[in-house]
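Novice: Here it is: the structure, laid out below.
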Amino acid sequence: MDLNQRTEIEERHGLTDEQLRAMFRNMLLQRQLDNRGFQLNRQGKVPFALGSEGHEALQAGAAMAFNRGRDILAPYYRDLGLCLGIGLSPYEIMLSIFARAPDHNGGRQFPNHYSSKAAGLMSFSSILAAHLPHAVGAAYAMKYRGESGRAVLATCGDGTTSEGEWHESMNFVAIHKLPFVMLVENNEWAISTPLDKQMAEPQIWKRAAGYGMPGKRFNGFDPIETYAVVKEAMDRARGGGGPTLIEGTCYRYLAHSTDDNDMTYRTREVVTERRKQDPVPAFEALLVEHGVLTAQDVDELRKSVLQETNEATDAAEAQPYPSAADLYTNLYEGAWQPWQS
Amino acid sequence: MAVVSANSTVMNNVEAVRATLYEALRNDERTLILGEDVGARGNVFLITKDFVGEFGERRIIDTPIAEASIVGIAVGMAMEGLRPIAEIQFADFIYPSFNQIVGEAAKIRYRSNGEYTCPLVIRTPYGGGVRGALSHSVSVEALFYHVPGLKIVAPAFPADVKGLLNTAIDDPDPVLFLEHKKTYRLIKGEVPNGHYTIPLGKANVLKEGAQLTVVSYGLYVHWALDAARQLQEDGLSVEVIDLRSIRPMDKTTILESVRKTRKLLIVHEDNKFGGIGAEISAMVAEEALFDLDAPIRRLCGPDVPAMGYALPLEEEFMSSPGAMAQAMREMVKF
């Protein structure tokens with residue numbers, strides 16, 4: 001569905017104007033923070049940044065279907081918008097980018113590898129699909145304790161669906177009918193490897209049938225459709241109906257990271273062409289057209305997002321690095337030496 | 001199991017593992033077991049026999065044949081407040097779960113700066129001498145003892161199995177619990193009744209001696225003890241130390257012994273090159289070189305992938321009480 005072709009918000013799926021505005025603001029904030037990370041890298045202030053541009057609508061919509069304080073999110077490293085949407089602040093994002101001491105990970109992990117027990121955001125590494133069994137274990141714990149009304153939202157990119165642990169996780173959640181939703185963010189690229197070199201059947205959602213669970217594909221450039229699909233799947237999981245595989249289509253507009261040059265494997269023209277579908281201006285146009293936002297509202301939102309990003313940047317940058325002594329803490333509970341004396 | 005006194009029961013190692021797991025499941029609703037064939041089959045060594053009937057399929061989980069996710073799912077359970085005990089059916093099958101153990105479980109606490117923890121036990125039978133061939137006989141401890149964030153236990157006696165497994169289950173961090181499968185039914189011993197724990201990182205001096213220190217763990221502890229007793233009949237005095245815990249390892253007990261006997265022999269079934277003995281040798285060389293009267297010696301597995309199925313191949317790989325006695329004799333007389 002091309003949002004630019006859409007003449008009305010045919011189905012709001014119960015979303016209020018306030019929620020629609022919140023989703024749009026999340027999208028603006030994602031893009032601003034993404035750009036800030038890349039700027040800081042080019043300024044030599046941070047060694048690395050990684051963006052989610054093109055995933056904004058998908059993540060803003062999915063996050064709106066997440067119940068804070070109840071659900072658990074097991075994301076991957078291209079999930080800035082989801083993490084913002086479930087409650088992380090721009091300041092927390094910037095602490096991660098700057099690797100400062102108050103960061104949840106104490107500056108140990110790469111940027112974008114967020115973790116927050118308070119927010120229900122499970123710690124994850126850069127090893128793709130390794131987080132999915134963890135998400136499965138969390139879903140098992142929910143079901144084991146009889147905590148109905150809760151579910152785990154696990155995400156990954158298209159590339160990760162090639163990993164063995166992706167399969168193992170899908171198989172297990174289906175066997176045990178766990179409260180689990182597998183959200184694949186299909187942006188067509190696994191760093192430099194295009195979809196047709198990753199899989200012969202590009203419609204990932206179709207694998208659901210093989211696991212004995214429902215599957216669905218949706219337009220990840222449409223935050224409202226995304227919300228509806230993710231909510232349906234999460235509600236099914238929360239109500240004891242078992243897992244769902246959902247696949248949102250989107251596109252990765254930026255290189256994989258600040259260390260990648262995507263012009264070595266795709267052309268500027270292709271990216272420019274895909275930019276015409278950019279979900280951020282498309283959603284803006286839709287909301288303005290339907291009076292959910294005025295042009296002035298949009299201006300003010302942009303200003304407030306920029307200000308919030310600037311404040312978060314300055315506040316995080318002003319924090320100290322972890323100290324050298326912090327290298328040795330939190331390995332085990334208590335003091336530790338491999339040799340006991 | 002025979003009750004020999006009011007205070008203890010004679011068990012073999014299988015029975016000790018089973019009794020300890022049973023107690024843990026009874027005492028803590030957060031504890032559950034997951035692995036291949038742990039349900040109706042009761043595990044291939046009958047360690048979880050009848051558990052599923054008593055504790056139900058929710059707590060005794062027959063998993064698909066997928067070792068990476070057996071460990072990975074247990075990691076997720078542990079991160080979310082359960083106390084899972086994952087089983088890898090044979091240590092040889094642990095390789096598919098290597099990343100989940102080394103890259104994930106060992107780093108959960110560290111990478112989240114303490115926000116998340118991973119109180120997880122991974123049990124697995126290891127070791128040879130049972131005609132297990134290339135894929136049912138390996139020792140895996142050296143692959144994991146290099147890894148900060150893990151703890152590794154390898155008990156030899158039923159009483160230690162119980163005390164150390166209780167400690168592992170209570171531990172707030174991931175513990176790899178290695179059970180030598182040849183000792184499962186071969187080794188019997190008195191096990192104290194009731195709940196008790198043995199701290200990790202405390203070796204056990206099984207036999208005191210004056211002329212040589214022998215350090216080992218697992219099956220070879222029993223053979224080293226046999227060999228040391230043979231030498232005793234000839235008036236040679238050998239001290240035998242059972243490490244019990246490989247990471248952390250007990251430096252004090254090793255050094256005190258070596259400084260007394262002034263000679264060190266390390267015996268283990270795992271490959272010599274890069275094995276546990278290499279680390280012990282390096283530590284003793286760093287800390288007590290000038291207390292030694294002889295070069296440190298290691299009697300360990302050969303540098304081949306594993307023992308073959310054919311009996312001569314297995315026998316060639318494995319040491320023996322006789323070979324250990326010979327090495328001890330040479331060391332004492334050096």
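Novice: Tell me the relative contact order for chain A as a rounded percent, counting alpha carbon contacts under 8 Å between residues six or more apart.
Specialist: 23
Novice: Choose one of A:PRO194, A:HIS134, A:PHE218: the residue whose Cα lies farthest towards the positive end of the charge dipole of chain A (beta-carbon charges +1 Lys, Arg; -1 Asp, Glu; about the Cα centre).
Specialist: Positive-end residue among those listed: A:HIS134.
Novice: Assigning unit charges at the beta carbon (Lys, Arg +1; Asp, Glu -1) and nothing else, what dipole magnitude in debye, to the nearest 20, does the range A:117-238 show about its Cα centre?
Specialist: Rounded to the nearest 20 debye, it is 560 debye.
Novice: Hey, another quick one. Taking the Cα centre as origin and putting +1 on Lys and Arg beta-carbons and -1 on Asp and Glu beta-carbons, what dipole magnitude results for the range A:223-325, to the nearest 20 debye?
Specialist: Dipole magnitude for the range A:223-325 comes out near 400 debye.
Novice: Right, here's the next one. Helix B:321-333 sits at what angle to the longest principal axis of chain B, using alpha carbons and giving 0 to 90 degrees rounded to 10?
Specialist: 40
Novice: For A:LYS206, list the aspartates and glutamates whose Cα falls under 17 Å from its own Cα; do not include residues on the same chain fewer than 8 positions away.
Specialist: A:ASP158, A:GLU163, A:GLU168, A:GLU185, A:GLU188, A:ASP196, A:GLU247
Novice: Give me the angle, in degrees from 0 to 90, between the Cα long axis of helix B:219-233 and the longest principal axis of the Cα atoms of chain B, rounded to the nearest 10.
Specialist: Taking Cα atoms only, the helix is inclined about 30 degrees.
Novice: Right, here's the next one. Looking only at B:ALA142, B:ALA168, B:ALA282, which one moves most when chain B is put into a Gaussian network model with springs between Cα atoms under 10 Å?
Specialist: In this elastic network of chain B, the residue with the biggest mean-square fluctuation among B:ALA142, B:ALA168, B:ALA282 is B:ALA282.
Novice: How much net charge surrounds B:ILE85 when only the other residues with a Cβ under 13 Å from the Cβ of B:ILE85 are counted, with Lys and Arg +1 and Asp and Glu -1?
Specialist: My count for the surroundings of B:ILE85 gives -1.
Novice: Per-residue counts of other Cβ atoms within 10 Å, averaged by peptide: what ranking do you get for A:79-88, B:27-36, highest first?
Specialist: The packing order, highest mean first, is A:79-88, B:27-36.
Novice: Which residue, chosen from A:LEU80, B:PRO174, A:PRO281, occupies the Cα position most advanced towards the positive end of the dipole of the protein assembly as shown, where the dipole is computed from +1 (Lys, Arg) and -1 (Asp, Glu) charges on Cβ about the Cα centre?
Specialist: It is B:PRO174, whose Cα lies furthest towards the positive end.
Novice: Which one of A:ALA118, A:ALA209, A:ALA60 is farthest out on the positive end of the charge dipole of the range A:16-328, using unit charges on Cβ (Lys, Arg +1; Asp, Glu -1) and the Cα centre as origin?
Specialist: A:ALA209
Novice: Listed highest first by mean packing, meaning other Cβ atoms within 10 Å per residue, what order do A:259-272, A:231-244, A:304-317 come in?
Specialist: In decreasing order of mean packing, A:259-272, A:231-244, A:304-317 become A:231-244, A:304-317, A:259-272.
Novice: In deg cm²/dmol, rounded to 500, what helix-only [θ] at 222 nm does chain B give when every DSSP H run of at least 4 residues adds -39500 (n - 2.57) and the total is split over its residues?
Specialist: -10000 deg cm²/dmol
Novice: Give me the inter-chain shielding for A:329-337: mean count of other chain Cβ atoms within 10 Å, whole number please.
Specialist: Neighbouring Cβ atoms belonging to other protein chains average 6 per residue here.
Novice: If you don't mind, there's one more thing I want to ask. Please report the net charge: other residues with Cβ closer than 12 Å to the Cβ of A:TRP339, K and R +1, D and E -1.
Specialist: Once all neighbours under 12 Å are counted, the net charge is -2.
Novice: Here is a further query. Based on DSSP H assignment, which helices of chain A show an axial Cα extent of at least 18 Å together with a mean Kyte-Doolittle hydropathy greater than or equal to -1.0?
Specialist: A:131-144, A:223-238, A:295-317
Novice: From the Cα trace of the range B:8-192, what convex hull volume per residue do you get, rounded to a whole Å³?
Specialist: Dividing the Cα hull volume of the range B:8-192 by its residue count gives 103 Å³.
Novice: A further question follows. Excluding A:ASP79 itself, what net charge comes from residues whose Cβ is under 15 Å from its Cβ, given Lys and Arg +1 and Asp and Glu -1?
Specialist: -4
Novice: Taking other Cβ within 10 Å of each residue's Cβ, how do B:ASP303, B:ASP37, A:ASP103 sort, fewest first?
Specialist: If I rank by nearby Cβ atoms, fewest first, I get B:ASP303, B:ASP37, A:ASP103.
Novice: Could you rank the peptides B:203-216, A:328-341 by their average count of other C-beta atoms within 10 Å per residue, with the highest value first?
Specialist: Ranking, from highest mean packing down: B:203-216, A:328-341.
Novice: Average partner chain C-beta neighbours within 10 Å, per residue of B:79-92?
Specialist: Taking the mean over all residues of the peptide, I get 3.
Novice: Shifting gears a bit: Placing unit charges on C-beta atoms (Lys and Arg positive, Asp and Glu negative, everything else neutral), compute the dipole magnitude of the range B:204-333 about its Cα centre in debye, rounded to 20.
Specialist: Computed charge dipole of the range B:204-333: roughly 300 debye.
Novice: In what sequence do B:ASP171, A:ASP158 fall when counting other Cβ within 10 Å, fewest first?
Specialist: Listed from fewest to most nearby Cβ atoms, that is B:ASP171, A:ASP158.
Novice: Pick from B:ALA224, B:ALA294, B:ALA78 the residue whose mean-square fluctuation is largest in a GNM of chain B, springs joining Cα atoms under 10 Å.
Specialist: Result: B:ALA294 has the largest fluctuation of those listed.
Novice: Same structure, new question: What is the mean number of Cβ atoms from other protein chains located within 10 Å of the Cβ atom of each residue in peptide B:112-123, rounded to a whole number?
Specialist: Partner-chain Cβ atoms within 10 Å, mean over residues of B:112-123: 5.
Novice: Taking a quarter of the surface of the convex hull around the Cα atoms of chain A, what do you get in nm²?
Specialist: Orientation-averaged projected area of the Cα hull: 19.2 nm².
All of the numbers you see were taken from the coordinates with simple rules; none came from a lab. None of these values were measured; they are calculated from a predicted model. We place every Cβ from the backbone using ideal geometry, glycine too, and count neighbours over all the protein chains shown.
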